[in-house]
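The values are calculated or read from the model by the stated rules, or taken from the named source; none is laboratory data. Please read all numbers here as calculations on a predicted model, not as lab measurements. Note that each Cβ is placed from the backbone with ideal geometry, even for glycine, and that neighbours are counted across all protein chains shown. To get the accessible areas, we keep the full protein, side chains included, count just its heavy atoms, and leave off ligands, DNA and RNA. Shrake-Rupley method; radii C 1.70, N 1.55, O 1.52, S 1.80 Å.
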Amino acid sequence: MSQELARALADARSAVYLLHGDEPFLTRRAVQWLRERVLAGGLEDFNLDRFDAKDRPGVDRIVEAARTLPMMAERRLVWVQNAEALFAARGDAVEPLVRYVTSPDPSSCLVLAASVAVDKRAALYKRIQQHGTIYEAVAPRERELAAWVAEQARARGRTLTADAAACLVEAIGRELGTLDAAVERLTLFVEGDAAIDLAAVEQVVPQSRTRTIWELLDAVADRKAAEALARAHELMGQGEAALKLLTMIARQFRQLLVGRGARASGASAEECAAAAGIPPFRARAFARQIDNYSGRELLAALERLAEADRSLKSSKLDEELILEGALLDLCRPGGAADGVSPARRP
Amino acid sequence: MKFVVNRDLFARSLSRLQGVLNRKATLPVLSNALLEARPEGTLRVAATDLDVTFDGRIPARVEAPGRITVDGKRLYDIARSLPGEEVAITVTPEQQIQLKCKNAEFVLLGQGAEAYPTLPSAEGVELTPIDGVALRELIDRTAFSASTDESRPNLNGVYFQCLGEGRVRMVSTDGHRLSQGERDARREKDIPARDGVIIPRKGVGELKRLLDEAGAEVSFGFLENNLVMATGELRLFVRLIDAAFPDYKQVIPKSTQRNVVLERGTFLGSLKRIAILASERTHGVRVELSGERMVLTSDNPDLGKAREELPLDGYTGGDMSIAFNSKYVVEILGVLAGDKVEIALNEALSPGLFREHGNPDYLFVVMPMRL
């Protein structure tokens with residue numbers, strides 16, 4: 001990761017940087033990386049100027065700081081946070097900065113760090129493109145997250161097994177900062193050079209919302225109605241929308257249907273899981289759940305879920321009530337196949 | 001609670017609190033002053049913003065002791081506008097504060113003192129006498145360069161250190177310039193050496209206010225993480241910044257190759273003139289040393305150019321060109337008192353050292369600019 005950053009950030013040798021994008025964690029990390037290198041060996045207290053563009057510090061003050069030579073050090077770092085405001089400003093307002101970027105002071109490192117992607121049509125952007133370095137922090141796609149998490153462990157000199165990485169992503173979600181903090185905790189928890197495995201993740205990663213969603217999905221797939229209702233209430237109490245939970249359950253039933261099809265053609269438990277896009281660490285539970293429903297029941301369940309989906313979007317009934325009705329139908333022996341959905345009840 | 005107090009003393013004691021009262025605080029009671037009528041015949045007038053606390057006592061004829069808090073700004077506005085010499089104050093059981101002075105009468109709504117934060121006490125604190133005038137001068141000549149960037153708390157105040165043998169030092173820096181002052185501030189007894197502390201900018205402002213009033217007769221001490229300053233019946237507590245001041249000695253040039261002595265007033269006048277056409281972005285003014293003259297220039301593509309020569313008597317350091325932020329140098333020349341100023345330089349990219357000629361107590365370091 002450090003090598004990637006070094007490449008992306010021109011080994012910290014540029015006099016002007018724009019760090020922007022939709023992933024603040026990556027931007028923050030790039031700032032920290034630059035800070036450590038630009039101010040290395042110098043007196044940080046004397047050579048770091050920090051501005052927040054939200055406070056409208058005045059472009060002149062930023063340029064004034066960048067033009068001041070460092071004290072007893074190679075370079076001065078001028079760090080402007082929330083720099084997106086500068087790219088949204090009228091041309092005249094940032095003209096001094098545009099001029100500075102054209103001819104920056106080589107003993108200063110001006111870092112414009114934006115918390116979102118900035119307007120690439122802005123004159124300031126174009127000038128930095130010509131004379132400085134631009135780093136766009138783009139969040140990894142969902143399917144790349146497990147590899148990203150494993151990379152964070154590798155950067156710390158540790159190995160994270162594939163199922164542990166997948167479990168971590170499933171448990172935490174897409175929040176890179178939280179994922180990185182979890183990897184940090186795991187490297188401390190698992191002593192020595194041992195690989196960080198699934199067991200370690202299960203012990204260290206706290207019960208999270210995603211984890212509870214898994215528990216809801218398991219409860220429904222295992223036909224445990226009381227538990228399914230309890231998990232659903234818990235999640236809605238945490239602010240989850242009934243529609244989102246319903247969507248997750250529908251996805252689960254689609255996966256079960258795909259898995260059942262694979263099983264019918266003689267696939268192993270792992271192959272069934274892979275065919276349905278289930279992470280390896282959940283393969284065993286998935287295989288068990290396939291057997292809980294017949295093909296007819298799975299199709300009926302999907303139909304029942306579609307009805308509940310329509311009700312949630314159009315009915316005046318309480319969304320909790322609609323979800324509860326669907327959950328009870330799905331968990332009932334015989335499933336939704338022989339039941340009459342509440343939406344059809346008088 | 002009932003007492004009678006001299007109007008002037010009362011108004012003056014309330015005026016001291018005005019910088020401490022905080023109307024925007026999350027604790028609304030922090031916009032109040034605490035009044036405490038004591039049986040021994042004193043009125044305590046105090047306020048805190050939890051970082052700075054003023055606590056004073058003035059004589060009063062106390063008929064019924066008690067404590068109350070009340071909007072400190074309103075009370076001050078009323079007290080200073082009252083017509084007579086004495087103010088009679090009565091607090092009703094409903095916590096209404098009645099002020100009577102000659103034929104004027106006011107009623108203010110108070111708030112119980114039990115909601116007010118516990119104020120620090122100087123009881124048991126060892127107070128050392130210190131020359132308040134010397135201290136005031138040190139603040140005047142050093143505090144201006146403290147950083148205003150609140151994300152850097154260790155630069156957000158003035159470093160205060162007792163060096164031993166009565167000498168005290170103050171240093172401030174914002175990373176672009178540094179001011180250091182040192183004075184013998186001994187009064188009746190020695191000031192023992194101790195590690196430096198950082199007094200926050202707001203605390204320095206309140207300290208100045210106290211020193212203005214107290215003159216030389218002040219004492220100081222430390223209470224946990226507070227600086228305590230005392231004069232007469234007045235105590236000021238300033239919570240110190242809990243951070244390490246940078247190793248500032250590293251940035252003070254140990255030796256210099258080029259030394260120039262100039263008339264302070266003449267140099268200041270020239271610099272201000274040349275700065276008129278300096279870039280508004282950087283306030284940069286170029287200083288060229290050549291032969292026996294100094295040339296100040298500024299060049300602003302949007303406005304024009306300026307140039308002024310100053311003679312240098314006996315300068316032998318050789319030619320050089322360096323640029324400074326004129327605002328910084330003007331501020332330094334403004335706080336110095338002597339007729340002459342020394343400028344000591346090495347290279348164009350090395351810090352410049354400014355001193356009052358013949359006065360080793362103060363020095364100022366300014367980082368040059370690249371224009």
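Which of the following residues is crowded, with 21+ Cβ neighbours inside 10 Å, assigned to a loop (DSSP other than H, G, I, E, B) and not small (G, A, S): B:V45, B:V20?
After applying the criteria, what remains is B:V20.
Give the residue, chosen from B:S121, B:S179, that is farther than 17 Å from B:D242 by Cα and within 14 Å of chain A (Cβ to nearest Cβ). Quick ask: steps written out before the conclusion?
Values: B:S121 fails: within 14 Å of chain A (Cβ to nearest Cβ).
When all the criteria are applied, what remains is B:S179.
Quick one: would you say B:E280 is within 10 Å of chain A (Cβ to nearest Cβ), part of a loop (DSSP other than H, G, I, E, B) and either without any contact (Cβ under 8 Å) to a residue 40 or more places away in the chain or under 26 Å from A:D49 (Cα atoms) (or both)? Break it down stepwise before answering.
On the way: within 10 Å of chain A (Cβ to nearest Cβ): yes; part of a loop (DSSP other than H, G, I, E, B): yes; either without any contact (Cβ under 8 Å) to a residue 40 or more places away in the chain or under 26 Å from A:D49 (Cα atoms) (or both): yes.
Yes: the conditions hold for B:E280.
Got a number for residues in segment B:230-266 being polar (S, T, N, Q), outside any loop (DSSP other than H, G, I, E, B) and under 23 Å from B:E347 (Cβ atoms)? Before the answer, list the steps.
Quick first cut of segment B:230-266, residues polar (S, T, N, Q) only: B:231, B:250, B:255-257, B:259, B:266.
From what's left, outside any loop (DSSP other than H, G, I, E, B): B:231, B:250, B:259, B:266.
Okay, now just the ones that are also under 23 Å from B:E347 (Cβ atoms), so B:250, B:259.
Residues flagged as polar (S, T, N, Q), outside any loop (DSSP other than H, G, I, E, B) and under 23 Å from B:E347 (Cβ atoms) within segment B:230-266 amount to 2.
In the list B:Q180, B:Q161, which residue meets the criterion of being in contact (Cβ under 8 Å) with a residue 24 or more places away in the chain, open to solvent by 30 Å² or more (accessible area, probe 1.4 Å), on the phi < 0 side of the Ramachandran plot and of a type outside the set (D, E, K, R)?
Sole residue among the options that is in contact (Cβ under 8 Å) with a residue 24 or more places away in the chain, open to solvent by 30 Å² or more (accessible area, probe 1.4 Å), on the phi < 0 side of the Ramachandran plot and of a type outside the set (D, E, K, R): B:Q161.
Within segment A:95-116, can one find any residue that is over 30 Å from B:Y248 (Cβ atoms), more than 25 Å from the chain's Cα centre (by Cα) and assigned to a strand (DSSP E or B)? Show your work before the answer.
Residues of segment A:95-116 that are over 30 Å from B:Y248 (Cβ atoms), as a first pass: A:95-99, A:101-103, A:114-116.
With more than 25 Å from the chain's Cα centre (by Cα) added as a condition, the list becomes A:95-99, A:101-103.
Now drop any that are not assigned to a strand (DSSP E or B), which leaves none.
Among the residues of segment A:95-116, not one is over 30 Å from B:Y248 (Cβ atoms), more than 25 Å from the chain's Cα centre (by Cα) and assigned to a strand (DSSP E or B), which makes the answer no.
One line per residue, one yes/no per condition, for (1) within 14 Å of chain A (Cβ to nearest Cβ); (2) open to solvent by 20 Å² or more (accessible area, probe 1.4 Å):
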| residue | (1), (2) |
| --- | --- |
| B:D174 | yes, yes |
| B:R186 | no, yes |
| B:G203 | no, no |
| B:R209 | no, yes |
| B:L227 | no, no |
| B:R239 | no, yes |
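Any residue that is within 14 Å of chain B (Cβ to nearest Cβ), in contact with a Phe, Trp or Tyr (Cβ under 6 Å, 6 or more places away or on another chain) and free of Cβ contacts under 8 Å to residues at least 60 places away in the same chain - is there at least one of those in segment A:2-11?
No, there is no match, as no residue in segment A:2-11 is within 14 Å of chain B (Cβ to nearest Cβ), in contact with a Phe, Trp or Tyr (Cβ under 6 Å, 6 or more places away or on another chain) and free of Cβ contacts under 8 Å to residues at least 60 places away in the same chain.
Restricting to segment A:60-75, and then to whatever is buried (at least 21 other Cβ atoms within 10 Å of the Cβ) and facing chain B (nearest Cβ under 8 Å), can you tell me which residue is modelled with the lowest pLDDT?
A:M71
Is there a residue in segment B:328-335 that is outside any loop (DSSP other than H, G, I, E, B), more than 14 Å from chain A (Cβ to nearest Cβ) and either buried (at least 22 other Cβ atoms within 10 Å of the Cβ) or touching a Gly at 6+ places or on another chain (Cβ under 7 Å) (or both)?
Yes: segment B:328-335 contains one or more residues that are outside any loop (DSSP other than H, G, I, E, B), more than 14 Å from chain A (Cβ to nearest Cβ) and either buried (at least 22 other Cβ atoms within 10 Å of the Cβ) or touching a Gly at 6+ places or on another chain (Cβ under 7 Å) (or both).
Identify the residue in segment A:101-132 that is of a type in the set (S, T, Y) and in contact (Cβ under 8 Å) with a residue 40 or more places away in the chain and, among all such residues, is nearest to the other protein chains (Cβ to nearest Cβ).
Step one: of segment A:101-132, the residues of a type in the set (S, T, Y) are A:102-103, A:107-108, A:115, A:125.
With in contact (Cβ under 8 Å) with a residue 40 or more places away in the chain added as a condition, the list becomes A:108, A:115, A:125.
On the way: A:S108: 8, A:S115: 16, A:Y125: 20 Å.
Applying the filter and picking the extreme gives A:S108.
Return yes when B:L353 is buried (at least 17 other Cβ atoms within 10 Å of the Cβ) and within 14 Å of chain A (Cβ to nearest Cβ) and no when it is not.
Working: buried (at least 17 other Cβ atoms within 10 Å of the Cβ): yes; within 14 Å of chain A (Cβ to nearest Cβ): yes.
Against the criterion (buried (at least 17 other Cβ atoms within 10 Å of the Cβ) and within 14 Å of chain A (Cβ to nearest Cβ)), B:L353 qualifies.
Of everything in segment B:70-95, what is of a type in the set (S, T, N, Q) and either at pLDDT 95 or above or open to solvent by less than 30 Å² (accessible area, probe 1.4 Å) (or both)? Give them in sequence order. Give the derivation first.
Our first condition is that a residue be of a type in the set (S, T, N, Q); within segment B:70-95, this holds for B:81, B:90, B:92, B:95.
Those that are of a type in the set (S, T, N, Q) and either at pLDDT 95 or above or open to solvent by less than 30 Å² (accessible area, probe 1.4 Å) (or both): B:T90, B:T92.
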